[in-house]
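What follows is a set of notes on a single structure, which appears directly below.
Values in this text are rule-based calculations from the coordinates and carry no lab data. Given the structure is predicted, the values throughout are model-derived calculations rather than measurements.
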Amino acid sequence: PRRAPPRRPSTAWRPRPRSFFDDIFANDDLMPPDDLDADLYPIPYRHGAVVRSESWGGDSFFYTVPAMETDKFAHEHREFLMVWAAGNEGDLGMFTIGSRATGKN
C-alpha cells in the first residue's frame, strides 16, 4: 500500500502557540474593565495570543456598548479570534443569549 505524504504544518496556526490567562474576578464579583477594546483585549494580543475564549457576559439581550467594543477589536484584529459562550439563561428562550455574545463578528 502507498503511504500518504508527510503532513506539513499548517500556515494557519502559529508555530509557537502561547497561552495567556487573565482574571476579571475581584471582591467576589465579576469586574470587567469599562473599555474592553482598550483595557482587556489588547493585553493577550500583545503577548501573542490569537484565540480568546470567554464564558461570562451580561444579562442584556440587546447589542450593547461592550458588544460593540468586542466587535471593534475583532474587526481591527482579524487574526484574533474571540469566542463567547452564548449565555447562561437557558430557560429564557430567545432571551438566552446575553451581551458580548450578541456581537456581530
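Quick look at the values:
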{"read-out": "Nonlocal amide H pairs with VAL51, under 5 Å, H built at 1.01 Å", "value": "LEU81"}
{"read-out": "The stretch 39-84: C-alpha pair distances exceeding 12 Å, %", "value": "64 percent"}
